[in-house]
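These notes are about the structure you will find just below.
The values are calculated or read from the model by the stated rules, or taken from the named source; none is laboratory data. Everything numeric in this text was worked out from a predicted model, so none of it was measured. Cβ coordinates were reconstructed from backbone atoms using ideal geometry, including for glycine residues, and neighbour counts include every protein chain displayed. All accessible areas refer to the heavy atoms of the entire protein, side chains included, with ligands and DNA or RNA removed. Shrake-Rupley method; radii C 1.70, N 1.55, O 1.52, S 1.80 Å.
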Amino acid sequence: MKTLVNRRDFLKVSTLAGGGLMLSFHANSLNALLEEETQVFQPNAFLAISPDGTITLMAPNPEVGQGVKTSLPMLVAEELDADWSMVQVEQAGLDTKNYQRQVAGGSGSVRSSWESFRKAGAAARQMLTEAAAKKWNVPVSECFTDKGFVIHKPTGRTLNYGALATDASKLDLPKEVKLKDPRDYRLIGRRIVNVDAQKIVTGKMAYGIDTRREGMLTAMVARPVFGKKLKAVDDSRARQIKGVKQVIVFDNKVAVLATSTWAAKKGRDALRIEWEDDGKPESTTDYNTALAQLIQKTTNEPKRNDGNVEEARKQADKVLESIFYAPFLPHAPLEPMNFFADVRDDRAELFGPTQTPARTRTEAARVLGLPEDKITVGMSRMGGGFGRRLQADYSVEAAQISKLAKSPVLVVWTREDDMQGGFYRPAGMYRYRASIKNNQLTGWHLIAAAANSPNASRENNFPAGALPNFRVDSHNYSTAITVGPWRAPNHNFIAFTEESFIDEIALELGKDPVAFRLELLEQAKKQPVGTVAYEPDRYINVVKKVAEMGNWGKQGEKGIFKGFGAHFSFGTYVAQVADISVENGKVKVHKVYCAVDCGRVINYSGAETQIEGGIIDGLGHMLYGEITFKNGEVEQKNFNTYRLIRLPDAPDIEVEFINTTADPQGLGEPGLPPIGAAVANAIFAATGKRIRKLPVGSLSDVKI
Amino acid sequence: MATFTLSINNRNYTVDVEPDTPLLWVLRDELNLTGTKYGCGVAQCGACTVHLNGSPVRSCTLPVSAIKGKITTIEGLSENGDHPVQQAWVELDVAQCGYCQAGQIMTAAALLARKPKPTDADIDAAMAGNICRCGTYKRIRKAIHLAVAKGGAK
Ligand code: FES
Ligand code: FES
């Protein structure tokens, strides 16, 4: 794409900062060409350089706190050789023509953008260099770039990018784009502060919930709990609340629209609603009983089946068996669900926090009966997501309400709504059996069962590949309680179970847990069984690295006990050692050591904080996280009964990245999975009690 | 509805709202001061923390009719966004999603005003009411120590 546009028009459209930004460039730019001499240089949808030297980099991916609004533009700036302190970063809206994969999920932003973003910057730099060479009438080979300038080496002449913008915008896009030698990186691999940091600390950062528009109403919605539906509603009291403008019944829900959030809430509280059963509303004991039954039998279609685990059990001197239990977990991002919608007869504008704007548009189009190209989706910075905002229920709901109300509307969920809102990390049970013969591990059999999960396992992950007899079965349990991806789906619990069970086996064999893992990894390397998702060598390296960092095997301070955990997810290898103590039945995690192989690190500050956050997130949920149900209703409705980790419980953390010249891998999720096992294994070292049921809660009831 | 005059960030505002309206929603909906955030509405998360006469309070459970004194919000913590706590937060790149941070900063600033050289135990006690779902606690602790080094209370 090649676009010419004058500065006035550019500013006009860019300040809208919504969807369709790039498309509107075209129309304006043609007129602009005729009018003015200077043009903004915009060789692609990733950057724009205006004649006054302003460099704007677009951030197309949803920013949920994972740092892509900083790290992806860094890739462009690196190859552009821009002066980072001079660039502005703007959030783009949904634009499927110009961008790929505008999704915050699967730890995939950097992995999928690594090449294209750098090429966008490199192409622009080549054109700027060419423009300068032409101006000076010198060979391009004599020119190079540095921090926003093109420099003619023999004469020392310089021109800044702004002065070259107009000329560069007249050039053809280069046919071949040459990327930098990584040794020449100046930005990639440094510690760069989040581009929104100053706005955040001064309260100026607008999140979705801060959206304010002319004529907008605020809505709160009464929704049924799982397994119930609307029978009758009396809204007479609600309509008397000052500020309440409309009450709308739709899809088994009741929306109250008002001139303020407080009025909407009071209005909703004043509704008299009768709900009735729609099927059988479930309670925690119901699904727990069902899951416990499922794991007693195998499936007809194992997810993986190497050798013969049954035969191995028959031959075994001993069979170890352990059952692990995972509760449902809500995502509970600190900014509750909300979305803005302004739906007209022939078009719609949607704006707010979404990890998947494309899905939002597709589903809204279907529900509204509008073509997709009549719907714009703008993205706000999100107050966390953890997977919850991969769903489109709350954004589509806002669109429905706006359409029915014929008004722009911001739908706001209370914390209580958010806790009941579904798409949880599924509850599950994992039953492991290990066969041991001649003090060797000969077989490994997992039967998993989880709520609404066709596959609750990660069957090609370690220790798959290391054992001759290895089988994984996974049962799906259907329930009205909705589930969805939750930071590091499946990994977030399976790592805890696998890595705890490996420790149990090591204990049985009389082996050091770390040495035992290394032995298995060597087996996977030398005589691999089947295909596996991981590279044994890279796995071995993080295990060894963290053992060294965490003084594994050495006598620590008195009263401090160590535990180990490692896991591979989203292309990244993570190993952790936790130092803990237990006093009066209370676990205190003092320090976590963490070795990471995620390949190249784009932004050290961002990468480190993702790992730290993942560890604290995983630790908090392992210690406290659980929601339970009574007749379809969540019993933990707010943070007074649903406990999240707080500052006094947060350990000190030391992170090291290794193997940083390989291609970059995922980072938002992989830090989380290993911590549960590292801490549980340390608890065993401290107390002799094996944690198999999460959350840990108080240690007096850890037996399942 | 009733009329209330509030002193916020050294300016007087008059609002016409129901007396039971929490200060949080007056700030956010009536005065467009959206830097103060909603997280729980039940004084559990600290996202809505503002200063009332210099002390940190949860604005989500403070009815507008009960307010006596001067309110400071994140927007008024410093004129140029350069309170030592704000500076330290930027320098150490504390925020992930950032949603909790206005509340964290207001609580930390109030702590330093009261106790210019807090110990780790003081920090634990003061900050325990502020949830960060993204888990930035390690950096928060570090940033408070850095803010102390920068002159702390201002
Ligand atoms: S919103 Fe006030 S403490 Fe959570
Ligand atoms: S930075 Fe996201 S909640 Fe604290």
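Separation of segment A:149-172 from segment A:593-642 is 48 Å, based on Cα centroids. Of A:Tyr185, A:Pro357, B:Asn9, whose Cα points farthest to the positive end of the dipole of the protein assembly as shown (charges on the beta-carbon: +1 Lys, Arg; -1 Asp, Glu; origin at the Cα centre)? About the Cα centre, the residue reaching furthest to the positive side is B:Asn9. Pick out, from A:Ser407, A:Thr145, A:Tyr604, the residue whose Cα sits farthest towards the positive end of the charge dipole of chain A, with +1 on the Cβ of Lys and Arg and -1 on the Cβ of Asp and Glu. Farthest towards the positive end: A:Ser407. Put the Cα centre of segment B:12-56 next to the Cα centre of segment A:46-120 and the gap is 35 Å. Inter-label distance, A:Thr96 to A:Thr259: 4.1 nm, where each label sits 7 Å from its Cα along the C-beta direction.
Report, to the nearest whole %, how much of the accessible area of segment B:2-77 belongs to carbon and sulfur atoms, 1.4 Å probe, protein only. Ligands and nucleic acids excluded, carbon and sulfur give 45 percent.
If the only charges are +1 at each Lys and Arg Cβ and -1 at each Asp and Glu Cβ, what is the size of the charge dipole of the protein assembly as shown around the Cα centre, to the nearest 20 debye?
Value, rounded to 20: 760 debye.
Think of a 1.4 Å ball rolled over the protein heavy atoms: segment A:58-108 then has 27 Å² of accessible area per residue.
Dipole orientation for chain A: of the candidates A:Ala650, A:Tyr593, A:Ala45, A:Ala650 has the Cα lying most toward the positive pole (charges on Cβ; Lys, Arg +1; Asp, Glu -1).
Remark: segment A:413-553 carries a charge dipole of roughly 280 debye about the Cα centre, counting +1 on each Lys and Arg Cβ and -1 on each Asp and Glu Cβ. Of the accessible area of segment A:225-365, computed with a 1.4 Å probe over protein heavy atoms only, carbon and sulfur atoms account for 42 percent. Measuring heavy-atom accessible area with a 1.4 angstrom probe and counting protein chains only, the residues of segment B:82-111 that give up at least 50 Å² relative to the chain alone are B:Val90, B:Asp93, B:Gln96, B:Cys97, B:Tyr99.
Among the residues of B:134-146, the average count of other protein chain beta-carbon atoms within 10 Å of the residue beta-carbon is 6.
Contact residues in segment A:329-355 by the 40 Å² criterion (accessible area, 1.4 Å probe, full protein complex versus chain alone): A:Leu334.
So, for chain B, what is the accessible surface per residue at a probe of 1.4 Å, expressed in square angstrom?
Each residue of chain B exposes 36 Å² on average to a 1.4 Å probe.
Over the residues of the protein assembly as shown, the helix contribution to mean residue ellipticity at 222 nm works out to -9500 deg cm²/dmol, using -39500 (n - 2.57) for each DSSP H run of at least 4. Of all DSSP-defined beta bridges confined to chain A, some 75% are antiparallel rather than parallel. Computed across segment B:2-77, the Kirkwood radius stands at 12.0 Å (inverse of mean 1/r, all Cα pairs). Heavy-atom accessible area buried between chains B and A is around 4600 Å² (1.4 Å probe, both sides summed).
With a 1.4 Å probe and every protein chain left in place, tell me how much accessible area B:Tyr13 has, in Å² to the nearest 10. Taking all protein chains as shown, B:Tyr13 has close to 40 Å².
Assuming charge only on the beta carbon of Lys and Arg (+1) and of Asp and Glu (-1), the dipole of segment A:136-186 about its Cα centre is about 140 debye to the nearest 20. In this structure, A:Asp346 and A:Gln88 have a Cβ-Cβ separation that, at R0 = 25 Å, corresponds to a calculated FRET efficiency of about 0.15. For segment B:65-79, accessible area lost to neighbouring protein chains reaches 10 Å² or more, against the chain alone with a 1.4 Å probe, at B:Ile74, B:Glu75.
Taking all protein chains into account, the per residue accessible area for segment A:498-643 stands at 36 Å² (1.4 Å probe). Scalar couplings 3J(HN,Hα) for segment A:465-477, obtained by applying the Karplus form with A = 6.51, B = -1.76, C = 1.60 to θ = phi - 60°, are x, 9, 10, x, 10, 8, 9, 10, 10, 9, 9, 9, 10 Hz; x denotes Gly and Pro. Solvent-accessible area of segment A:100-216 (1.4 angstrom probe, protein heavy atoms only): carbon and sulfur portion equals 50 percent. In nm², what is the average projected area of the convex hull enclosing the Cα atoms of segment A:82-152? In nm², the orientation-averaged hull projection of segment A:82-152 is 6.3.
Could you work out Rg/(2.2 N^0.38 Å) for the protein assembly as shown, with Rg from alpha carbons only?
Normalised Cα radius of gyration, the protein assembly as shown: 0.98.
Values of log10 I(q)/I(0) for segment B:84-149 across q = 0.11, 0.22, 0.24 Å⁻¹ run -0.19, -0.84, -1.01, by the Debye formula with one identical scatterer at each alpha carbon and no solvent. Using a simple spin-label model with pseudo-atoms 7 Å out from Cα toward Cβ, B:Lys117 and A:Asp512 lie 4.4 nm apart.
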